[in-house]
Amino acid sequence: MSADLPGTSGLPDPGAPPDTPGLLVSLVLRVSAEHADALSDALLEAGALSVSVEDAAAGTEAERPVFGEPGASAPLWDENLVRVLLAQAEDAPALVALAREVCELEADPAWSLETVPDTDWVRQTQSQFDPIMIDPRMWIVPSWHEPADTGAINIRLDPGLAFGTGSHPTTQLCLRWLIENVQAHSRVMDYGCGSGILAIAASRLGAARVTGIDIDPAAIEAAADNAERNAVQVTWGTAENAPAGPFDIVVANILANPLRLLAPALAGLLEPGGRIALAGILATQRDELMAVYADHFTMHAFAEQDGWVCLEGTRT
């Protein structure tokens with residue numbers, strides 16, 4: 001274990017934050033990839049308020065991104081910082097001892113304590129979300145901001161429980177694709193709608209009819225609320241009760257694993273000559289997904305951003 005995190009196996013360091021009522025502290029443990037998941041579970045069971053795992057090399061040349069999705073194990077970094085939120089500093093030694101036991105170490109892992117400052121979390125969270133320009137014709141604008149360009153399409157959307165606030169590359173790729181492909185007569189299906197951002201965008205772009213479906217009831221509820229805020233008409237539902245179509249456009253910003261399985265179903269939603277956009281796909285997965293959809297579509301890569309790719313196809 002690296003020694004760049006100070007710590008002891010007894011009481012908290014003399015330099016550790018005081019146990020001030022109402023002041024939270026963060027215990028930071030350095031562990032290898034093989035122990036991070038089991039340790040996180042054990043810490044939560046032992047009473048930690050929250051646990052997160054970060055790259056110990058973050059901010060250095062050795063920092064590297066990792067990606068995972070449902071159905072596949074998400075890799076961790078070789079060395080990880082497990083950050084544990086505690087109500088009081090006195091809880092730290094017991095959790096350090098627990099880490100030593102769970103990781104089967106001969107000595108305590110390197111650790112430190114940090115003060116979590118008293119913060120207006122609502123204001124701080126809001127400060128992280130500024131308006132996002134997708135294209136000069138379209139912006140995503142949180143409710144606490146004024147539109148940067150009142151002449152553009154401004155979609156009002158706040159971060160929430162459902163995926164898709166406009167900040168992720170996959171969402172931006174799909175939005176740019178919709179801007180180029182939605183027409184006044186378009187019947188559009190947003191498959192796996194999340195926050196509803198793609199369905200809302202299609203409606204604002206002038207689509208004749210828009211449907212959004214998701215397997216998560218919370219996503220459907222959030223999407224309906226967002227549609228009402230943006231004064232658009234969208235039909236929402238689940239995969240079981242979704243309209244059968246046909247549609248002129250299907251956009252699916254999900255992940256590679258479910259997209260592999262959904263190819264026949266998505267093809268069945270489209271008219272011959274209908275258009276599809278697929279996202280949630282890593283650039284390294286592009287060729288495989290294009291091959292899967294080649295039985296139903298003439299496929300192309302639309303665009304790539306930050307290691308993610310959006311694929312487009314025409315129904316054969």
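Tabulated results
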read-out	value
Calculated FRET value between Ala301 and Thr60, using beta carbons and R₀ = 51 Å, to 0.05	0.95
Chain lengthening between Ser52 and Glu228 when straightened (0.36 nm per residue, less Cα-Cα)	59.9 nm
Stokes-Einstein D in µm²/s, Kirkwood radius over Cα pairs - segment 215-316 at 37 °C with 0.692 mPa s viscosity	225 µm²/s
Probe 1.4 Å - accessible area at Met133, Å² to nearest ten	100 Å²
Contour minus Cα-Cα distance for Ala33 and Ala239 (0.36 nm per residue)	70.5 nm
Zone residues, segment 205-232, relative to Ser143, backbone N less than 20 Å from point 7 Å out along Cα-to-Cβ	218-232
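The values are calculated or read from the model by the stated rules, or taken from the named source; none is laboratory data. As the structure is a computational prediction, the values presented were derived from the model and not from experiment. Because the Cβ atoms are built from the backbone with ideal geometry, glycine has one as well, and the counts that use them run over all protein chains shown. Ligands, DNA and RNA are excluded from the accessible area calculation, which covers all protein heavy atoms including side chains. Shrake-Rupley method; radii C 1.70, N 1.55, O 1.52, S 1.80 Å.
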